[in-house]
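S.K.: Right, I'll just put the structure down here and ask away after.
The values are calculated or read from the model by the stated rules, or taken from the named source; none is laboratory data. Since the structure is predicted, the reported quantities are computational estimates derived from the model, not experimental observations. Glycine gets a Cβ as well: all are built from the backbone with ideal geometry, and neighbour counts include every protein chain shown.
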Amino acid sequence: MGCGCCLLAALGAFVPRLVLLFAWIFTDLVDRAFDTWIAPLIGLLILPYTTLAYVLMYQPGSGVTGFGWVIVIGALLIDIGHWTGGWYGRVRKLPA
């Protein structure tokens, strides 16, 4: 993997859905990491950071191993933070 993956990862920090969609359309990274199109589509909609991290950490033949899982779990925590942060913000604005 070359510098393209580094650029993809850097952009992913800001716009994970767009980067994941471009990776799916213009590269074979998503097809390589997933057997069907359902899982990446659900990931694109619900857990974009996690799905993008999994796609970038996936290695053909061995899958995600070692430190790659740390990255994927960190991305999952970011996704959960986005979901719960939005919920908390809405609940906090409700009148008492």
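S.K.: Among the listed residues G74, G43, identify the single one that is at pLDDT 95 or above and either touching a Cys at 6+ places or on another chain (Cβ under 9 Å) or at negative phi (or both). Before the answer, list the steps.
M.R.: Values: G43 fails: at pLDDT 95 or above.
That would be G74, the only listed residue that is at pLDDT 95 or above and either touching a Cys at 6+ places or on another chain (Cβ under 9 Å) or at negative phi (or both).
S.K.: Return the total of residues in segment 51-63 being buried (at least 18 other Cβ atoms within 10 Å of the Cβ) and farther than 8 Å from A33 by Cα. First the steps, then the outcome.
M.R.: So in segment 51-63, the residues buried (at least 18 other Cβ atoms within 10 Å of the Cβ) come out as 51-58.
The next check asks that each one be farther than 8 Å from A33 by Cα; those that pass are 51-53, 56-57.
Adding up the residues that qualify gives 5.
S.K.: Determine which single condition L11 fails, assuming it passes every other condition in (1) modelled with pLDDT under 95; (2) loosely packed, with under 14 Cβ neighbours inside 10 Å.
M.R.: Failed condition: (2).
S.K.: Let me ask another. Considering only residues of segment 47-68 that are touching a residue at least 12 places away in the same chain (Cβ under 8 Å) and hydrophobic (A, V, I, L, M, F, W, C), which is nearest to P16 (Cα to Cα)?
M.R.: Of everything passing the filter in segment 47-68, L52 is nearest to P16 (Cα to Cα).
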